[in-house]
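Working notes for the structure below.
Derivation of every value follows stated rules applied to the coordinates shown; laboratory data play no part. Predicted model, so just to flag it, every value in this text is computed and none were measured. Neighbour counts are summed over all protein chains in view; Cβ atoms, including those assigned to glycine, are modelled from backbone coordinates with ideal geometry.
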Amino acid sequence: MYSRCWRYALFPSFFTYFSWLSLVAMLFVENNVSCCAYSTGETSFEVKTEADSNDVTKHSLQSHDDKPRPYVCTVCEKRFTTKYGLNEHRERHTGEKLYSCSQCEKRFAHKSCLGSHMNVHTGKYSCTECGRCCQSSGMLSQHSRIHSGVKPFECNDCGKRFTQAGGLVAHRRIHSGEKPYNCHVCYRAFRVSSSLHKHMRVHTGDKPYKCHMCNKAFTESGNLNIHIRVHTGDKPYKCHICDNAFTESGQLNSHMRVHTGDKPYKCSVCIKSFSHSSHLLLHKRRIHSHRKPHQCPYCGMQFKTNDNLKRHVSTHTGAKPYLCRHCSERFRRLDELKRHLLKSHNEGTWLMCQICQKKFSHRGNLKDHLLRHKGVKPFACNECPERFCTAFELKSHQIAHSDYKQFCCGLCGKHFKRKGYVIKHFKRCSDYL
């Protein structure tokens, strides 16, 4: 287990400095070999060099976490070895931050936290590679691994490596399923304490990170940093293929699928795939689900999505929010306006099928049309073996299996399954009057 082991006799003066400790643990990396040094509190000082970084993590968890912890927090039941540690912890629950930074007005609950924070402004612990200022020498040492690429801590289960022991400890809980941090309000559990701390803001409504330009507040500093780019126009994430730039890394990852054609989100019911998880959820709700949670306040008709409800409500209100800037004609839907601009004012670009040269104003219509050339029918009926090219065709077909008649004649009260049927019936019915 240990590659080398030394035992040194300590000088009396040197030992006096350490005698107040029963156990001192120091983890560091030397020539890519993890070491653990500790004082036994007697007459010797021992250094053990461990080749396996996981043994260091295991040792730090088992050997240094068996101290008696008689002081218990009455709010979250976390235990502490000293009364001072408990009192310091209690201030987290009160949310009181008495200590303010004179440089950036950031506030802290503890004086020690303010002292560490001031090191960022003074540049005491500055990275020689990128100039980033850290709060302590330990944080600087951890940060330097980003540049060196050293990841000494490896997971035994999946082989994933980490720059910090804490990252490995938190990662191991994914495999074990352990969630030791519990919310005392809703009893939701978390793997790391920072996640619980962020979650508590859901209950308290605390949004400590405010934009200095528009005063909009956020629960997390990362969300504030992203928001500030709205004001600055900064788009640090650039596509190396088409030079498009984005404010968030997630937006760039989604954009790259345009070039790669990758569609990792697959429908479990039919064979259709999507490039975004939100598109898959919308597809399942529209095509495969029978739930219609959105109800029209005018006629009671129900819809699967809020967008469909909004379009329907405009038939009652007569609202036409989309205005043509050329002829002042108004439209209920945006796609109707785009089609009008193409046909009447030659504004925009027609989308042409390369096989039969048919023109389309909407990209979705072209995609549906190309499926007919390929003979692909991704939409399957749950009731029979029939398959269809488009979701609309499937929806129209499924009415045949249903007994629900949602269309009613306003003259005689007779109900019909399809809109076309009630229109034909209404003409005949009105002739008899």
Please work out whether the stretch 100-180 counts as rounded, prolate or oblate from its C-alpha gyration tensor, where a ≥ b ≥ c are the square roots of the eigenvalues and a/c under 1.5 means rounded, while otherwise a/b larger than b/c means prolate and anything else oblate? oblate
Sequence order, the stretch 399-412: Karplus ³J(HN,Hα) from phi using 6.51 cos²θ - 1.76 cosθ + 1.60, θ = phi - 60°, Hz rounded, Gly and Pro as x, gives 4, 5, 7, 9, 9, 6, 10, 8, 9, 10, 6, x, 9, 10
For the stretch 273-401, compute the orientation-averaged projected area of the C-alpha convex hull (one quarter of its surface), in nm². 10.2
Using mean Cβ contacts within 10 Å as the protection proxy, how do 309-320, 164-175 order, highest first? 164-175, 309-320
Table column - 3J(HN,Hα) (Hz), the stretch 166-179, Karplus curve with 6.51, -1.76, 1.60, x for Gly and Pro: x, x, 5, 4, 5, 5, 4, 5, 5, 6, 7, x, 6, 9
What pairs from Lys304/Lys417; Lys151/Lys207; Lys266/Lys395; Lys272/Lys417; Lys338/Lys367; Lys263/Lys377 go past 23 Å between their alpha carbons? Lys151/Lys207; Lys272/Lys417
Residue by residue through the stretch 126-142, which ³J(HN,Hα) values in whole Hz follow from phi under the Karplus form 6.51 cos²θ - 1.76 cosθ + 1.60 (θ = phi - 60°), with glycine and proline marked x? 10, 6, 6, 7, 10, x, 5, 9, 10, 7, 8, 5, x, 5, 5, 4, 5
